[in-house]
Structures are given as C-alpha cells and as structure tokens.
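Asker: My questions will all concern the structure given below.
Taken together, the values in this text are just the output of simple stated rules run on the coordinates, not laboratory data. Just so we're clear, the structure is a prediction, and the values are computed from it rather than from any experiment. As a convention, Cβ positions derive from the backbone with ideal geometry for all residues, glycine included, and neighbour counts pool all protein chains shown.
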Amino acid sequence: SKSELDFITHLIEKPSYWLEWWAGRGLPSPVRPICDPRVLDRFIMEARDTETALRGCKAGCGVTGTFVVPLTNVDFVVWETKDTEEQALEVQSGMSLFGQALGAVRESVSRVAVQILIDNNKSNIHSLGQVLRSLHIQDLPLPPAPAVGDLVTRKVSSLSELLHVHTNFLRGKVRLLLTNAPACQQNST
Amino acid sequence: KKMTNDNLNKLLVFCVLFCAQKTSIVHGAQALETKVALLLHAEPENPKCFAEGMSDLTCFWEEDEERAGSADQYSFIYTYQNENSSECSITALPAAGGKRLYFCRLSQTQLFVPLDIRVFRDDLLIHNRSLFIEAVFLLDPPANLTLTSTGMQGQLKASWLPPSLKYMGDSMMYEVSYAMAGSHIGKVEEVQASSELILRGLQSGTKYKVRIRVKLDGISYSGYWSAWTDPVLMETMPGDLDPLIVSLSLIISLVLTLLSLLVLMSHRRFLLKKIWPIIPTPESKFQGLFKVYGGDFQEWLGHSTGGLWLRPTYFYSEEFPVPLEVLSEVSLGPALPSSALPPKASEALGEEEDEDKKLKRVDPALMEGWRKTPQEHWTMDQLRAIHQHPAPWTQSSLLESHDAYVTLNAQNHSVEEPLDDILEETLPLQVLFASGRTSSESRSDLGSVQQSSGSGRLSSQSSFEYPNHTWPSKGPGYTYMAVADSGVSMDYSPMSSNKIDDIGKGVIYTNEYKNEIPAHRRPIGTPIHFAF
C-alpha cells in the first residue's frame, strides 16, 4: 500500500534509523504488517533494473573479488515442508549476505552511476528487513559466520552474477516468505 | 484436424493403459495439444519448455518424421545450478504435417535458479538451453467465465475463476477480449490480480462475445499467454432513449409544432368559422334596431323606413306573412274627429309600408282626431267618423279595457299583459303586432286568442281562419279590422242603431269571436291588410 511504501521510503531517507537497526535496538515496527506484494515487487524490479544496467559493464565495473551469496533455488515441495521460522532464517541470512556483498562492492566501484545503483539496492535490502519485522519475524542474531549458511551459500566472482543472484533471491525465497507470512494470512481473503 | 484426431486417438490408447480416468485424460490431451501448438508458435528456442504448475516442467521438441528417430535415441539431460545433472525420459508422439514430437516431463522442479537443458541424439547435442522455470509458465485458461449484467446501460461484468496456483494468485494478469457477436473487430482489456472485470462503453441491446486468457505478470513469475477460453455470449441491456435521439426528437417536434401553429394562425378565421360558427343575428335585417334603439322596436319602427313589414314573428315561426285586414264600414255615421287613435298607433300605422300590405293610408286628420277615449263606449259621433273614413284604425276606444292587444316591443314586456291584464279605459290601443311570444300559443293554429269570454273583447284571429278572405258576412256599417298574423283581428261591428243600443248596454261586439260571430256582422268595405 501507499502508506507502507511511504514508511519504507521514510526509513531509507533517515540514516539514524539504520544506525539503530545495526545496533540491534530495533526500529519502531509499524503497527500494521506490510503484506502488499507490490512492496517487494518494487524491490525486485529495481534489482532487475540494476542487473540489466550493469550487465554491460566493462571489466565487471572494476569490481573484483568473490562474494558469498545464498542459494536461491526453491523447491516448493521442500519449501512447504519448512516452517515459517526456518524459512525466515534462510531469508534473513541470505539478505545479510547480500548486504555485506553490496557493501564491499560499493567500496570498490568508482563510477558514480554505479554507486547510485548499488546504494539503491542496499537501501532496498534494509527496507526489506523492516518489512520482515512488521510481519513479526524475529530479527536474526547477526551470525558472525553463518555455519548454517554453508549449505545454502555459494560464491560468485562478478558483480553481474552477484546482482543476478540477488534478484533471484528476492523473487524466490523472500517473496515466498512474505506472501505466506502468517501475519499476512489473516488479512488475505 | 488430422493431427488432432490422430493425437487424440493415440493419446487415448496410451492413457487408457496408464491412466484411470478417461475424462481427465481427454481434457488433458486437448490441453496439451493446445499448449504445444501455442509454444510452437511462440517459442523459438528448443527444446520448448513450459511449467503448468508449481512443481512441473514439460519440454518438447519437434522433428520431421523422415529424420526422426525413436525415443530411445534421444537423451534429455538437465542440470540445476550447483547441482548434478539428471536425465529425463523421453516420449515420442506423432504430430500433424509429418512431424514428430518428443516430450520430457519433470515432476519436481526448482525455481529461481538457472536450469540447464541439453538434448542429445545418439550422443550428439542437438539442443541446449538454459532457463528459469518460473519464467516459462503456461497456464490453463481461466475457468467458469461468466457474463452478467451490471444493471447499467452498455456494461457487462465478466467474472472467472483464476488458475489455482499457490503463491501466484497475485501475480496473474488477464486479457479480456470482447467483440460484438458476429464481428471480428474487438477490444482487449488487461486486468491484474483480479477475478472480474466490468466492460464499459458497450452498445445497448447487443450481443457480445467475450473471452479471456491469463499470464503471469513477469515480476516474480512470468511465462506465455494461455490459450483463449471458449467465447461466452451475452446481450447487453436494451438501450434507453439515447439522449441525442431524445433531444433531436424534441427539437423536431418543436419545429413541427411551431409550423402547425403558424398555419393555424394564418387560417384562423377560416377555422374559427368552422369551429365556432357565428350565431346569426337579426341585426342585418333590422338596421339600427339594436345598435341605435337598443332593441326598442317601437322607436325603431318610428324611425326606420324599411323593414317594418317584417313581422317579428317572422323569426319565430314559419308562417307566411298574413295580411292585416282592416275593414271599414262605409255606413258609419259622421266622422268622429274627436276620436283619435292613440298617437303611437297612429304613427305606427301611418308608417307601415310594405309591398305586401294593402294598407290604406290613415287619414292623418282622422288619426289625430282620435284620441284615447276614456269612455267605454263609442259615441255616435265617433262611430260616424269611423264610418266615413274607412281608415284602418285600431279601435282602442272600442276595445277598451278588455281588449287584448299585442304590443310589438323588443323587450316585449307588455306582451304578456294584454292577454289578461288589459285595463279599462286607460289602455291605449296600440297597433297590434303579435309577437312571437304572446301569440306563440296561437302560432300553431289560426291564432285565435280569446281574451275573455266577455263581450267587447278583441279576439286575436288571423286571417287564416278565413283563408279566402271569406270573412263572415257582416252587415253593412260594420267596421272590421283584422290584424293579420298576430292573430289579432279586430272586428268592429258597425255601429248601427241596434249596436249602439248594444253598446250602450255595454256590449260591444267589436271583435270577432270564434264561433261567436254575430250574425249581424257584415263585412263592409275592403279589408285593409297589415302585413308584417
């Protein structure tokens, strides 16, 4: 909904909120759960646009190194066997991985246009965290090293692949978690 | 058509061996056939793959019959990212146009991850493709498409059942195609994540053909447009009066009304004549009677020169004008200069003129000599005067009080009176013109109005009684005056010595009684007729 989007935009524009989020104090969670799929859809489209824009980047836009990314594949049959907490764990650990990777990318790129796009995606990741919180999905204790994530991570070595995985992750697991969150099931018809 | 029939037959045979429900098989076969045809048209890459649900993937490719090998010659190898390869079993089916189709179907899939497909024929790679399964959805068309009326003009509501795919209901978009039945030109409307749509701007009272297809919106999931549903027909509500038509009709009717009004106004006199005919009035015949004299006939008579001969009864009856007959007795005594007719009568008498009348001019002198006689009886002198001047004179003095007379008056007030209210001496004898009212009773007959049974009364009698002027014989010396038409005829019996005696007795046979005509009366002289 528009109010939800406005809330997230507000979050993005105020860095102090992010400081609190990093500190783990928890941001004031919205009163209502954000169940509108269009919120995540907007993030997905922006990630896709970023991926498309940077696909033709020469020499990987100057980004080197490897990044740990979560696995994005979804087997519905398997997925449905997992409960919400397990699903949320997967999503949140994956989101943090992407956040770290994009942070590292941001530091290595020099082109301003690329920097803007990367910043946008990073903001979206943070906003998603808020959306998850609104659905009463507990924050993850930031794992120093996701031992759980070994099975569910892999490594990429280019920016385009990183962005591609990022898009797939959002479209798949994150979306499935959000659309089937118990908090949203009460509102759905 | 041949391909359809062949495929159906073979699928039926194939599925009977492996499947239990025939109805679902037939439907599944039909759906498969449709989807294959769609993808052959829409997807350029090989193998062509599509997902129908959340955990399946169907891939196929086409080969010419001549070069086609058996199914076991081919191998279908698929690999998910970061996973080991797997192989899919291949099924071969004949297709139309000398083609053969090879199918591979996966029953467990992973989405949001790249899938790598390779097809080998005898260890030769013939097809290679990498795809995301969530991007190749080809759904069944929506079910239960129904059209209902919204209750408003030019609208129809289309509702349908979305494909029952979990997690994807809000990612579906629909395309509704509607056209007038029988027309090939239609419109298309898109709607997202909904199960109904109101079609607007339709023509009233028209049958529309509507169909729908579905596709995933492409944000998270995407794919190909599904096949169209079977068209559903529905007629829109019958149209109300189009406001344009209503306004045009009003304008036209207004113009026509104005035109007709113009025509009516231009011919209003003619129409008025027809609708409201003018009541005829006698004014034209009596010039100046109503306008100048206010209907006072007496005055009008005194001043007008023409038309006196018209009796008022002319308008009330169809009787012919009856001549007024005045008979004078020659043998009467000396003139009676003193006697005079009432001025009115004399004047009236003097002025009567008509071609029909046989009036003898009243001697003015004589007339002047006459005056109202209070006496009841004639004097001998008066009688003589009368005798000598056979002038038409209405003898008021003779008739006196008991005489009935009729006064022609527009108001006609006194008309009633004479019948019974005639007083004695003071009653002037006026020219008696029977008005229609007074003599109405007598109109039908010969008009004999008997005023009283007393003697000396004037009986109104018309000369009709004597059709051939066969007046009863009267002795000489009798003076008769018959006032025609009014039925008033005055018969003045001559004053013979005998009569005088009678008069003296108070019996004056001054009029003719019906059936009481004195035998001694004799017509004397020529009758003088008054004709009106």
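Asker: Among the numbered criteria (1) more than 16 Å from residue A:179 (Cβ to Cβ); (2) assigned to a helix (DSSP H, G or I); (3) in contact with a Gly (Cβ under 9 Å, 6 or more places away or on another chain), which one does residue A:68 miss?
Answerer: Checking residue A:68 against (1) more than 16 Å from residue A:179 (Cβ to Cβ); (2) assigned to a helix (DSSP H, G or I); (3) in contact with a Gly (Cβ under 9 Å, 6 or more places away or on another chain), the one that fails is (2).
Asker: Follow-up. Let me confirm something: among B:233, B:256, B:197, B:202, which residue is of a type outside the set (D, E, K, R) and within 25 Å of the chain's Cα centre (by Cα)?
Answerer: Just a single option satisfies the conditions, and that option is B:256.
Asker: Farther than 19 Å from residue A:134 by Cβ and of a type in the set (Val, Ile, Thr) - does that describe any residue in segment A:84-94?
Answerer: No, that holds for no residue.
Asker: Next question, about the same structure. I need the full set of residues from segment B:121-157 which are within 14 Å of another protein chain (Cβ to nearest Cβ) and acidic (Asp, Glu), in order please.
Answerer: Correct list: B:134 only.
Asker: Considering only residues that are more than 13 Å from chain A (Cβ to nearest Cβ) and more than 15 Å from residue B:211 (Cβ to Cβ), look in segment B:158-182 and name the one that is surrounded by the most Cβ atoms within 10 Å (Cβ to Cβ).
Answerer: Here the residue is B:163.
Asker: Report, by residue number, each residue of segment B:134-153 that is of a type in the set (Gly, Ala, Ser) and out of contact with any strand residue (DSSP E or B) (no Cβ under 9 Å at 6 or more places or on another chain).
Answerer: Hit for segment B:134-153 is B:151, nothing else.
Asker: (1) within 14 Å of chain A (Cβ to nearest Cβ); (2) more than 30 Å from residue A:69 (Cα to Cα): which one isn't true of residue B:204, the others all being true?
Answerer: Condition not satisfied by residue B:204: (1).
Asker: When you look at residue A:52, is it more than 23 Å from residue A:179 (Cβ to Cβ) and within 14 Å of chain B (Cβ to nearest Cβ), yes or no?
Answerer: Yes, satisfied.
Asker: Take residue A:96 and decide whether it is polar (S, T, N, Q) and in contact with a Ser or Thr (Cβ under 9 Å, 6 or more places away or on another chain).
Answerer: Criteria not met by residue A:96.
Asker: For segment B:39-58, name all the residues that are of a type in the set (A, V, I, L, M) and closer than 18 Å to residue B:163 by Cα.
Answerer: B:51, B:54, B:57
Asker: Among the candidates A:73, A:120, single out the residue that is crowded, with 22+ Cβ neighbours inside 10 Å and either under 17 Å from residue A:164 (Cβ atoms) or within 14 Å of another protein chain (Cβ to nearest Cβ) (or both).
Answerer: Within the list A:73, A:120, the selection yields A:73.
Asker: Residue check: is residue B:118 away from chain A (no Cβ under 14 Å), within 25 Å of residue B:223 (Cβ to Cβ), crowded, with 16+ Cβ neighbours inside 10 Å and basic (Lys, Arg)?
Answerer: The answer is yes for residue B:118.
Asker: Next up: Would segment B:85-108 turn up any residue that is within 14 Å of another protein chain (Cβ to nearest Cβ), buried (at least 17 other Cβ atoms within 10 Å of the Cβ) and either more than 21 Å from residue B:37 (Cβ to Cβ) or not β-branched (Val, Ile, Thr) (or both)?
Answerer: Yes, some residue in segment B:85-108 is within 14 Å of another protein chain (Cβ to nearest Cβ), buried (at least 17 other Cβ atoms within 10 Å of the Cβ) and either more than 21 Å from residue B:37 (Cβ to Cβ) or not β-branched (Val, Ile, Thr) (or both).
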